[in-house]
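To start, the structure itself, in structure tokens.
Values quoted throughout were computed directly from the atomic coordinates according to the rules given, and no laboratory measurement underlies them. Everything quoted here is computed from the prediction, not taken from an experiment. Cβ atoms come from the backbone with ideal geometry, glycine included; neighbour counts cover every protein chain shown.
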Amino acid sequence: MAILGPNGAGKSTTIRNIMGILYPDAGKITFSNYTDNSIPRHKIGYLPEERGLYKNVKVMDILLYLAELKDYPLDQAKQRALDYLKKFDLEGKEKVNVDELSKGMGQKVQFIASILHEPELLILDEPFSGLDPVSQELFKQEIRQLADNGTAILLSSHQMNLVEEMADRLFLIHRGKKVIYGHMDEVKKEFANFKCTIHGTNKKEELEQLPRVQRVEQENAHSIVYLYKDIDPVQWLKQLPDTLDVQELRLDRISLHEIFIDIATGKQLMQEVGEAYA
């Protein structure tokens, strides 16, 4: 599940409440029949947004130390650490000090530390930040594998394309309150309006006269026509006049990124979710 929201929405506060760093003023946190402070810490893995590992410590030593803090058997931790270092292209780095690693390598080590003890709940705060495409793919593959094996994953990220690709459920908060919650497909169906990208030379005023148009944006030789979500896509396309210059056309729903922008700037969704913004 992905937890999203603009800066200051309450994402980090929510995560800190789950971790037991902060305590909720109201309500309760429940996980696997445990409530609030009774949640065993060894059942949780956490990759914080602010990366932080002891600098003058060898990679293997820090991994085993953190695993021991989670009451994980040392012999199992060492073998799993070696396996993960190999998997993340860090083979031979176990005796290297953390401060000698590149930023990307350090991030891989911290990710390994968060999953080494086989947590039941894994919290990932901006896990893809600063990673190159190859490393991003490695992270994505491992996260999917963990989810397939039954690990509950809570993902917080501003990289909407990756969230949209990986998350099956979405929890969006704004000003400390729930705005959207549901399966990704259901959320997009309910909140994502249609847009039609038309490549060709057309006047903005003419496009604005098409049925069920919210707004039109133009750049160079293409136009993006934003439509209301209640349209019938096939029927709408049939109504396009022959006078339009259409060299290429694509009709789809707006992306999760665009839904997020609507929330962050208080646009369209403010009217649709009403009291959630009060």
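Quick notes on this one:
- Relative exposure of GLU142, GLU100, judged by other C-beta atoms within 10 Å (fewest first): GLU100, GLU142
- ³J(HN,Hα) computed for each position of region 92-106 - Karplus, 6.51 cos²θ - 1.76 cosθ + 1.60, integer Hz, glycine/proline x: x, 9, 5, 9, 8, 5, 4, 6, 8, 7, 5, 4, x, 5, x
- The Rg/Rh ratio for the chain, using Cα coordinates for both the radius of gyration and the Kirkwood hydrodynamic radius, is 1.08.
- Long-range HN-HN contacts of ILE153 with modeled amide H, under 5 Å: LEU122
- Partner aspartates and glutamates for LYS78 [C-alpha distance under 12 Å; skip if fewer than 8 residues away on the same chain]: ASP61, GLU68, GLU94
- Residues GLU50, GLU120, sorted so that the one with the fewest Cβ neighbours within 10 Å comes first: GLU50, GLU120
- Likely footprinting exposure, VAL234, VAL163, fewest C-beta neighbours within 10 Å first: VAL234, VAL163
- Database remark: amide H of LEU131 closer than 5 angstrom to no amide H (H placed geometrically; neighbours at sequence offset of 5 or more, or on other chains; Pro and chain starts carry no H).
- Long-range amide H partners of LEU4 with built H, under 5 Å: PHE171, LEU172, ILE173
- 3J(HN,Hα) couplings calculated from phi for region 77-88 with the Karplus curve 6.51 cos²θ - 1.76 cosθ + 1.60 (θ = phi - 60°) are, in sequence order, 4, 5, 5, 5, 4, 4, 4, 6, 4, 5, 4, 9 Hz; Gly and Pro show x.
- Dividing the helix sum by the residues of the chain, where each DSSP H run of 4 or more adds -39500 (n - 2.57), gives a mean residue ellipticity at 222 nm of -11000 deg cm²/dmol.
- Relative contact order of the chain, pairs being alpha-carbon contacts under 8 Å that are 6 or more residues apart, as %: 20
- Cβ-based charge dipole, region 2-187, positive-most Cα from VAL109, PHE31, PRO133: PHE31
- Entries of LYS58/LYS140; LYS204/LYS238; LYS55/LYS177; LYS28/LYS55; LYS43/LYS108 with Cα pairs more than 28 Å apart: LYS55/LYS177; LYS28/LYS55
- DSSP-defined beta bridges in the chain - what % are antiparallel, rounded to 5: 65
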